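To start, the structure under review is shown below, and the notes come after it.
The values are calculated or read from the model by the stated rules, or taken from the named source; none is laboratory data. What you see is a predicted model; the values in this text were computed from it and never measured. Virtual Cβ from ideal backbone geometry, glycine too; neighbours counted across all protein chains shown. These area figures cover heavy atoms from the full protein model, side chains too; ligands, DNA and RNA do not enter into them. Shrake-Rupley method; radii C 1.70, N 1.55, O 1.52, S 1.80 Å.
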Amino acid sequence: MDSGFDLSFRHHHLLGIEGLQPYEIGHVLDLADSYVELNRQPSKKRALLDGLTQINLFFEVSTRTLTSFELAGKRLGADVVNMAVQGSSIKKGETLIDTAMTLNAMQPDVLVVRHQESGAVQLLARHVRCAVINAGDGSHEHPTQALLDALTIRRRKGRLEGLTVAICGDLRHSRVARSNILLLLAMGASVRLIGPPTLLPRAFESYGCQLFTDMAKGLRGCDIVMMLRLQNERMQGSFVPSVREYFHLYGLTQEKLRHAAPDALIMHPGPMNRGVEIDGVIADDIDRSAILDQVEMGVAVRMACLDLLTRSIRGEAS
Ligand code: CP
């Protein structure tokens, strides 16, 4: 053990949930809890990252992740730059690695990256000195989404261990699902995956998940119902016969929700397609739906990640 540093979070990058230990996940969530309280104060600013530079490099569109990373960095006092790929030299043919090395030469302290290819963020991280946070890579991982989902669940249910979580919909293309599966299993929850056979890779069984193609059976008694968007942008060919049939079989309605526990929490990472994977009335049910809580927790979790990953630069223990 290095003197002056504890073992709470000793990573230079946050590239995925894979590789994080349960105590590290717990440490991020505990710290994020304190940022939830800060974010509810009229004055939300801290000078923790004063003098540090954060670049948000998003090759794919985003509302929640990009905005919350920008807010998180600014609330902690960093200089935050959002790099718009549309207006960049990537459009002139510059490669991902050349872009990364160019940005690295400007001495950023944190690079937050979203990319459409699985593995691209890991590749980029090998070519820069600063901390890299994966803000979603292809259908691989979206670690801060899983962390904010875990924080939402923990605050609403008081724990993660022992809960039964159903993740429903397009599991084949979902980086949110993969990161959530890894995190929830690591923290002692049971995970059920529900979807049409075309969108439900059997490989997830080897992770320790239970697979269902029938919503009524999969939802039975579960504590958390996490709905996923059909990721049409990642589909080559047709995976569902029609949106109408998909909603009929897999869309979350009051009728299907009756199979879950009476106090089951409804979640969705967004963006949400009402009438496709979820009935709008359920999404807006303030007693059952935690969808806007998830958005709030996103800012706090990203503040915690920025705080932890910059501690070695700031000479603080993690
Ligand atoms: N959940 C999520 O990643 O949303 P955005 O695509 O809006 O960032």
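Report, to the nearest whole %, how much of the accessible area of the chain belongs to carbon and sulfur atoms, 1.4 Å probe, protein only. Spell out each step's value before the answer.
Values: 6970 of 13680 Å².
Using a 1.4 Å probe with all protein chains present, the chain comes out at 51 percent carbon and sulfur.
Of the listed peptides 113-122, 304-313, what is their order by residue-averaged count of other C-beta atoms within 10 Å, with the highest listed first?
Output ranking for 113-122, 304-313: 304-313, 113-122.
Can you work out the FRET efficiency for the pair residue 285 and residue 101, with r the C-beta to C-beta distance and R0 = 51 Å, to the nearest 0.05?
After rounding, the FRET efficiency stands at 0.60.
Once Rh for segment 1-105 is found with the Kirkwood sum over Cα pairs, what is the Stokes-Einstein diffusion coefficient at 20 °C and 1.002 mPa s, in µm²/s? Please list the in-between numbers first.
Numbers: Rh = 16.4 Å.
For these conditions, the coefficient is 131 µm²/s.
Would you be so kind as to identify which of 218, 290, 197 lies farthest towards the positive end of the dipole of segment 171-307, taking Lys and Arg as +1 and Asp and Glu as -1 on Cβ and the Cα centre as origin?
The listed residue farthest towards the positive side: 197.
Do you know the relative contact order of the chain, to the nearest whole percent, from alpha carbon pairs under 8 angstrom that are 6+ apart?
Result for the chain is 21 percent.
Using a 1.4 angstrom probe on the protein heavy atoms only, line up 23, 35, 207 by accessible area, largest first. All intermediate terms of the calculation are to be shown ahead of the outcome.
Details: 23 120, 35 20, 207 80 Å².
Most to least solvent-accessible, the answer reads 23, 207, 35.
Show me the trypsin sites (Lys or Arg not before Pro) within segment 7-70 that DSSP assigns to loop and that have at most 12 other Cβ atoms within 10 Å of their Cβ.
Taking segment 7-70 and a limit of 12 other Cβ atoms within 10 Å, the loop trypsin sites (Lys or Arg not before Pro) found are 40, 45.
Quick one: what does P(r) look like for segment 162-214 with 10 Å bins over all Cα pairs, in whole %?
Pair shares across the bins are 28, 62, 10.
Rg to Rh for segment 52-166: what is it, with Cα atoms only and Rh by Kirkwood?
Radius of gyration over Kirkwood radius for segment 52-166 works out to 1.03.
Rank 214, 284, 170 by accessible area, highest first, at a 1.4 Å probe radius?
Ranked from most to least accessible, the order is 284, 214, 170.
Could you give the length gained on full extension between residue 244 and residue 206, defined as 0.36 nm per residue of separation minus the Cα-Cα distance, in nm? Intermediate results must be reported in sequence, preceding the final value.
Numbers: separation 38, 0.36 × 38 = 13.68 nm, distance 3.17 nm.
Additional length available on full extension: 10.5 nm.
Once the Cα gyration tensor of the chain is found, what semi-axes does its equivalent ellipsoid get, as square roots of 5 times the eigenvalues, in whole Å, sorted largest first?
Result for the chain: semi-axes of 33, 23, 18 Å.
Mind checking which helices in the chain clear 15 Å along their axis (Cα) and have mean Kyte-Doolittle hydropathy of -0.5 or more, DSSP H runs only?
Once both thresholds are applied, what remains is 22-39, 175-186, 291-309.
Could you report the accessible area of residue 202 in Å², rounded to 10, computed with a 1.4 Å probe on the protein chains as they sit in the structure?
150 Å²
Points 7 angstrom from Cα along the Cβ direction at residue 261 and residue 217: gap in nanometres?
That separation, rounded to one decimal, is 2.3 nm.
Applying 1/(1 + (r/R0)^6) with R0 = 30 Å to the Cβ-Cβ distance of residue 254 and residue 198, what FRET efficiency is obtained, to the nearest 0.05?
The calculated FRET efficiency here is 0.70.
Ignoring everything except DSSP H segments at least 4 long, calculate the 222 nm mean residue ellipticity for the chain; use -39,500 (n - 2.57) per segment, divide by total residues, nearest 500.
So the helix-based figure for the chain works out to -10500 deg cm²/dmol.
Hey, how many Å between the Cα centroid of segment 270-318 and the Cα centroid of segment 197-229?
22 Å
Using a Gaussian network model of the chain with C-alpha springs under 10 Å, which one of 83, 187, 226 is most mobile by mean-square fluctuation?
83
Per residue, what accessible area does the chain have, given a 1.4 Å probe and all protein chains present, in Å²?
Using a 1.4 Å probe on heavy atoms only, each residue of the chain averages 43 Å².
How large is the translational diffusion coefficient of segment 172-283 in µm² per second when you combine the Kirkwood radius over alpha carbon pairs with Stokes-Einstein at 37 °C and 0.692 mPa s?
Stokes-Einstein gives a translational diffusion coefficient of 228 µm²/s.
How fast does segment 220-318 diffuse by Stokes-Einstein, in µm²/s, taking the Kirkwood radius from C-alpha pairs at 25 °C and 0.890 mPa s? Kindly include the intermediate steps, with their values, before the conclusion.
On the way: Rh = 15.8 Å.
This corresponds to a translational diffusion coefficient of 156 µm²/s.
Using the Cα centre as the reference, give the magnitude of the dipole from point charges on the C-beta atoms of the chain (Lys, Arg: +1; Asp, Glu: -1; all else neutral), rounded to the nearest 20 debye.
Approximately 200 debye in magnitude.
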